[in-house]
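The values are calculated or read from the model by the stated rules, or taken from the named source; none is laboratory data. Owing to the predicted nature of the structure, the values given are computational and were not obtained by experimental measurement. Note that each Cβ is placed from the backbone with ideal geometry, even for glycine, and that neighbours are counted across all protein chains shown. Only protein heavy atoms, including side chains, enter the accessible area calculation; ligands, DNA and RNA are left aside. Shrake-Rupley method; radii C 1.70, N 1.55, O 1.52, S 1.80 Å.
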Amino acid sequence: MKKIIVVGGGAAGMMAAITAAENGCEVVLFEKNDRLGKKLFITGKGRCNLTNAGDADRFFQSVTTNSKFMYSPFYTFDNQMTIDFFEKLGLKTKVERGDRVFPVSDHSSDVIGVLKTKLNRNQEITVELQTEVQKLIIEDQVVKGVQIKTVHGKKDVYGDAVVITTGGISYPLTGSTGDGYRFAESAGHAIKVPLPSLVPFELKNEFCKELMGLSLKNVELVIKCGKKCLFEEQGELLFTHFGISGPLVIKASAYLHKYLDKDLSMYIDLKPAMTEEMLDDRILRDFSKYTNKDFHNSLGDLLPVKLIDVVIKRSEIDPYKKVNSITKEERKNLVTVLKHFTLSFQGLRGFDEAIITKGGVNVKEVDPSTMQSKLADHLYFAGEVLDVDALTGGFNLQIAWSTGYLAGLACSEES
């Protein structure tokens, strides 16, 4: 019987271990934390967005880095197979807005629970918690096993294949500290520089502190580099003490990495459902309603209270000017501020707040049909350790399930 060593007990690692065992292998799963699925526990704000129920085109369009690499893994184990897999384990699922799939219970702990039960019930799987893998054992570019650190010292563990599923370096408190990159480099692999992705923006604007906690729904965020539009989409965002966050911003961050060293311009259209003419008409109606009021008392129907002072400052209209004496030119300035609420971008937040890591093991050095290293025999990779990432919505976890399944299957079949 083949012995497979899986390094990392996250989504990809658990899937690889289960798959290899179900295909006739003895499996040892090493996890340095005191429990499995530590990062999985916090995904989807603790609800665990398992996958996305959209079609294959939607999946590949949502993979922002190396989507072609995912053809074989996805078609070997697609999103419907993921849903069926969990349903068979006893986990009921539901589909929400954006085709996002969650457990009916809304508890990520239930996802981890059914995976742990599956692992524990298979007598061919041994799970070693609080066990740190220190290095790969490699002879003549053949991976023979791993060296682990125990309470008694270092110990060599040998096997027929090693699957690296250690994740990236986002949320390092969950144990994602880049170990897999070090293991990959020791086998000759190149690492694409890891960067934080699906992460909030830091802005230079001082008004962020004034607006902290303000959530804006149905606004449009537009980001450009010169004349090139990098992102233009409607949704929800949130002001923080350092800048902006929220679903719209998190999604936009996936598109910015190539342009971080360039001058980016960005603005919020606070009223995307209205043209400038329609917005001007709306403002005129409000001015008629509050005709004898000061300007700063006339915007309550149009804007959240927190935003009014900032918009007034930007419009350069005297806040105490009566609305019946505001000129057409001043109204035009107000419309411009509302339709082009400019932001001064400083950078992305760090790995502590990044949902995923962009970068990782160069996929040109990994066989997409097996997840096996092209540089070292009996070495496989799966999950976030690879240079593959996607937008929010369950796509990144699907990458983990698909690559984990394929790695577990391929290493069990390797001659």
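Things to note:
- Filter result (open to solvent by less than 40 Å² (accessible area, probe 1.4 Å) and part of a loop (DSSP other than H, G, I, E, B)) within region 187-216: 187, 189, 198, 199, 200, 205, 214
- Conditions (1) open to solvent by less than 30 Å² (accessible area, probe 1.4 Å); (2) more than 26 Å from residue 102 (Cβ to Cβ); number of the one not met by residue 26: (1)
- Contact map, region 393-415: first residue among the aliphatic types (A, V, I, L, M), second residue open to solvent by 20 Å² or more (accessible area, probe 1.4 Å) and at pLDDT below 95, Cβ cut-off under 7 Å, separation 6 or more or different chains; pairs are 397/43.
- Residue 298 meets each of the listed conditions (1) without any contact (Cβ under 8 Å) to a residue 24 or more places away in the chain; (2) small (Gly, Ala, Ser); (3) under 25 Å from residue 205 (Cβ atoms) apart from (1).
- Restricting region 331-383 to residues that are open to solvent by less than 20 Å² (accessible area, probe 1.4 Å) and assigned to a loop (DSSP other than H, G, I, E, B), the residue that is modelled with the lowest pLDDT: 354
- Residue in region 237-249 that is at pLDDT 95 or above, assigned to a helix (DSSP H, G or I) and surrounded by 20 or more Cβ atoms within 10 Å (Cβ to Cβ) present: yes
- Test: residue 115 is of a type in the set (A, V, I, L, M), out of contact with any strand residue (DSSP E or B) (no Cβ under 8 Å at 6 or more places or on another chain) and open to solvent by 10 Å² or more (accessible area, probe 1.4 Å): no
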